[in-house]
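The values are calculated or read from the model by the stated rules, or taken from the named source; none is laboratory data. Predicted model only: the values in this text are computed from it and were never measured. Here the Cβ positions follow ideal geometry from the backbone for every residue, glycine too, while neighbour counts run over all protein chains shown. These area figures cover heavy atoms from the full protein model, side chains too; ligands, DNA and RNA do not enter into them. Shrake-Rupley method; radii C 1.70, N 1.55, O 1.52, S 1.80 Å.
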Amino acid sequence: MVDTARRMNQLPTLIFNELLAYKKKKIKEGSRMIDLSIGSPDQAPPAFVMEEMAQNAADPRQYGYTISGIGAFYQAAARYYEQFGVKLDPEHEIIQLAGSQDGIIHLPLVFCNPGDIILVPDPGYTAYESGVKLAEAVPYPMPLLEENGFMPDLSKIPEEVAKKAKMMMLNFPGNPIPVLAEKKFFEEAVRFAKQYDLVVVHDFAYCELVFNGKKPVSFLSVAGAKDVGVEFNSLSKSFNLAGARIGFLAGNREVIRLFAQMKSHMDYGIFEPVQRAAAAALANGREFARRNAALYEKRRDLFVSGLSRIGWEIRPSDATMFLWAKIPEGKKSLAFTYELMDKAGVVVTPGNAFGPHGEGYVRIALVQDEERLMEAVRRIEKSGVHMPQKSGLL
């Protein structure tokens, strides 16, 4: 057997794969499982988007390399960002991605040498730390604590750490903790980045799934943001195009230029029919996005109300397809997750999979229809699984 590279030691099997393997085992044993672990949309994209993709897929001229992407996609992405109060140059301030995870994983390779520091939220989306480790950089956790409203406290980052940091990862609306950031926090992040000469990278993948009449704030809408940072966006959750793998990175033109330089060595572009379908979604998908958000908001209300009835109090989230739920005192997240699988046939994700400060919580994805969600509530009620004494904020 050939020895693996050292970096592979930094990349253990993700918890999602472990949960999937255990779920398959339970199904073989005869259990009927309800999977609320992975945030993969269970609904279809807009009909007009699927039609656009199908029509273009029938065109034999669209099967060549697209290299860096077609102009129609870039123009649609720039116009789409106008709703957030952001003006983008489609030629120099946007780069197409095979889903935002493509960029999240690879962007640190552009800016970081082995040993450089990247500031990451804890708990945070698992791909952030994966990207850090592939670049052989060092993650420095920014704890997201309940007493701070699950927001990073930039004042707690030691000056010697800030001086060595190359990048800061942010994510609002957040995954796994579905909170929204206010403009003043992003203004603070811009000041911090300018003071310590680092790149801010904001993950805005859930910008369309916002509830309670609230509006998401784009990091790029803040004065000075394009001087120091970039923002990821994705069509996976906003328009249910997760399998199509298309998104983009926008903002600082030098960051975009350097990332494009690296990307030129990695791939030859995304299938043109996917790009044309994505452009149609960005241009004409406002009403669909509104209905899609309303669907998740309704699921949230139904599920949170059902869990409250059986004694598991969870404050409704303001955004995303997730709930961040506190588990019983003294329980470990992973043990509680397996207990739910064994006794209730319900799959969630343990909070510690997203970082040490996620211990004591689980993430619940609202990716089943209302009937299945209520079935999950009934199963949990009948299972005898002990419920928390107090609720978390989310």
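Here are a few things to note about the model shown:
- The GNM of the chain, with springs linking C-alpha atoms under 10 angstrom apart, assigns the highest mean-square fluctuation among 247, 85, 174 to 85.
- Extension gain from residue 342 to residue 212, taking 0.36 nm per residue of separation minus the Cα-Cα distance: 43.3 nm
- Highest-MSF residue in the chain out of 30, 243, 149 [GNM, Cα springs under 10 Å]: 30
- Calculated FRET value between residue 109 and residue 382, using beta carbons and R₀ = 45 Å, to 0.05: 0.35
- Near residue 145: Cβ cut-off under 14 Å, other residues only, Lys/Arg at +1 and Asp/Glu at -1. The net charge is -3.
- Think of the range 130-200 as a dipole: +1 on every Lys or Arg Cβ, -1 on every Asp or Glu Cβ, centred on the Cα centre; then among 132, 178, 152, 132 lies furthest on the positive end.
- For the pair residue 294 and residue 197, label points projected 7 Å from Cα toward Cβ lie 5.2 nm apart.
- Where labels lie 7 Å past Cα in the beta-carbon direction, separation of residue 32 and residue 329 in nm: 3.7
- Between residue 287 and residue 58, the distance separating the two model label sites (each 7 Å from Cα on the Cα→Cβ line) works out to 2.4 nm.
- Gain upon complete extension [residue 8, residue 161; 0.36 nm per residue less C-alpha separation]: 52.5 nm
- Electrostatic bookkeeping for residue 382 treats Lys and Arg as +1 and Asp and Glu as -1; over the other residues with beta carbon under 11 Å from its beta carbon, the sum is +1.
- When the residues 227, 3, 35 are ordered by accessible surface, computed with a 1.4 Å probe over the protein chains alone, the sequence from largest down reads 3, 227, 35.
- Distances between placed amide hydrogens fall under 5 Å for residue 170 paired with 201, 202, 203, all partners being 5 or more residues away or on another chain.
- 5 angstrom amide H check on residue 346, placed H, neighbours 5+ away: 34, 341
- Inter-centroid distance (Cα atoms) of the range 226-291 relative to the range 315-366, Å: 30
- Residue pairs exceeding 18 angstrom between C-alpha atoms, taken from 184/326; 163/194; 166/194; 23/343; 214/298: 184/326.
- Rounded accessible area per residue of the chain, 1.4 Å, Å²: 45
- Here residue 68 and residue 48 are evaluated by their C-beta separation; at R0 = 22 Å the FRET efficiency comes out at 0.30.
- When exposed loop sites are taken as chymotrypsin sites (Phe, Trp or Tyr not before Pro) in a DSSP loop with at most 15 other Cβ atoms within 10 Å, the longest stretch of the chain clear of them is 66-267.
- Under 5 Å from the amide H of residue 117 lie the amide H atoms of 138, 166, each residue being 5 or more positions distant or on a separate chain, with H modelled from the backbone and absent for Pro and chain starts.
- Nearby aspartates and glutamates by direct alpha-carbon distance to residue 28 (threshold 15 angstrom, same-chain neighbours under 8 apart not counted): 342
- Residue of 250, 260, 44 that the Gaussian network model of the chain assigns the largest fluctuation, springs spanning Cα pairs under 10 Å: 44
- Cα gyration tensor, the range 110-168 - rounded (a/c under 1.5), prolate or oblate: oblate
- Helical segments meeting 30 Å axial Cα length and Kyte-Doolittle -1.0 threshold in the chain (DSSP H): 286-309
- Sparse-neighbourhood loop sites, GluC sites (Glu not before Pro) in the range 304-394 - DSSP loop, at most 14 other Cβ within 10 angstrom: 329
- The range 64-140 and the range 1-51: distance between their alpha carbon centers, rounded to Å: 23
- Each listed q (0.16, 0.17, 0.18 Å⁻¹) maps to a log10 I(q)/I(0) for the range 18-156 from the Debye sum over equal C-alpha point scatterers, namely -1.22, -1.23, -1.23.
- Carbon/sulfur fraction of accessible area - the chain, other protein chains in place, 1.4 Å, %: 51
- In the chain, the DSSP beta bridges split such that about 45 percent are antiparallel, to the nearest 5.
- If only the Cβ of Lys and Arg carry +1 and only the Cβ of Asp and Glu carry -1, the dipole of the range 1-77 around its Cα centre is close to 480 debye.
- Applying a DSSP loop filter and a limit of 16 other Cβ atoms within 10 Å to the trypsin sites (Lys or Arg not before Pro) in the range 16-62 leaves 32.
- The calculated FRET efficiency for the pair residue 315 and residue 92, based on their C-beta separation and a Förster distance of 51 Å, comes to about 0.75.
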